[in-house]
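The block underneath contains the structure these notes are about, expressed in structure tokens.
Derivation of every value follows stated rules applied to the coordinates shown; laboratory data play no part. Please read these numbers as outputs of a predicted model, since none were measured by experiment. Neighbour counts are summed over all protein chains in view; Cβ atoms, including those assigned to glycine, are modelled from backbone coordinates with ideal geometry.
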Amino acid sequence: MTIELLINAIIAGLLIGGFYAAVTVGISISFGILDIVNIAHPAFIILGSYIAYIVNQTIGIDPIITAIVVLPAFYALGAAVYQIYHASFEKRGQDALRGLAFFFGLLFVTEVMLILVFGVDYRYVQAAYIEYTWHIGFMDLPFRMVIPCLMSLLMVLLLQLYLSRTFTGRAIMAVSQDQVALQLMAADPIRIKRIAFAISIATASIAGAFLIIIQPVEPSVGREYIGRVFAICVLGGLQSLPGTVIAAMLLGVVESLTSTFSGPSWAPAVSFGFLLLTLAFRPAGLLGR
């Protein structure tokens with residue numbers, strides 16, 4: 001093992017960890033704050049990837065710009081999904097098993113629709129920075145990883161500021177703790193939860209653009225992230241976006257080191273072993289309360 005290889009593996013892990021933060025932040029809101037087990041979240045990310053692909057191939061717009069433009073559409077989609085979920089399951093007290101089945105169905109319906117439209121071939125996008133790598137001595141910084149990482153951290157920072165500095169943001173943080181107190185402050189808990197869930201789905205648009213910049217995608221790629229995003233959310237601590245970032249970075253570094261020195265097949269096992277070991281000593285997660 002050389003020091004150069006070790007440092008490059010750590011850098012690669014930090015960069016992929018930044019991307020994991022973007023993928024997980026939506027789950028940190030829906031599951032960590034709202035207690036909604038949205039296992040269909042990766043499907044929305046893949047949907048975002050395919051929208052970025054269509055626009056990129058049609059008129060050549062950068063995937064990240066496309067993701068920002070379609071943010072309102074994803075927000076509206078998230079609000080509609082929550083309204084259906086609330087009316088059909090949450091309102092009736094059936095949001096546990098039946099609600100989970102609802103999101104399972106949503107996951108597979110989205111995946112099948114994408115397969116019917118696009119097939120199972122891998123799709124990729126074009127951008128000026130994707131093929132560029134910044135070499136600093138023996139360190140390699142591929143821009144297809146650097147740009148998503150930096151933009152992911154910016155997105156999480158903006159979300160954290162929104163949740164901590166605005167009335168609606170603080171209401172979102174409080175909605176899972178005391179809905180009666182929230183009503184006394186003239187805030188409708190259902191409306192607040194709808195806004196929060198819509199924001200969580202809106203982040204999938206950005207994460208989808210990052211994903212297709214980093215790697216080619218096909219409709220079933222999202223399944224690979226189901227376990228990983230919930231693991232990062234729990235490891236970082238529920239309701240903690242900074243914890244999500246730290247956990248994503250740690251998991252990224254662990255996976256990168258494992259893939260580099262032991263082989264990619266060991267990465268998932270070591271990552272989840274790291275999760276279990278951490279929770280054994282810190283059940284609330286790294287920054288959980």
Query raised in the report: Mean separation of Cα pairs under 8 Å and 6+ residues apart, divided by the residue count of region 3-281: what relative contact order is that in percent?
Result: 41
Report summary line: Reduced to Cα centres, the span from region 191-207 to region 213-266 in Å works out to 20
Query raised in the report: Add -39500 (n - 2.57) for each DSSP H run of 4 or more in the chain, then divide by its residues: what number comes out at 222 nm, to the nearest 500 deg cm²/dmol?
Result: -23500 deg cm²/dmol
Query raised in the report: For the chain, which DSSP H helices look membrane-span-like by this rule: Cα extent along the axis of 20 Å or more and mean Kyte-Doolittle of at least 0.0?
Result: 3-27, 41-59, 71-88, 97-118, 143-165, 189-214, 241-261, 267-281
Report summary line: Given [x] 45; [y] 48; [z] 40 as possible values of percent of Cα pairs over 27 Å apart, the one from the coordinates is [z]
Report summary line: For residue 164 and residue 76, extending 7 Å from Cα along the Cα-Cβ vector and measuring point to point gives, in nm, a value of 3.3
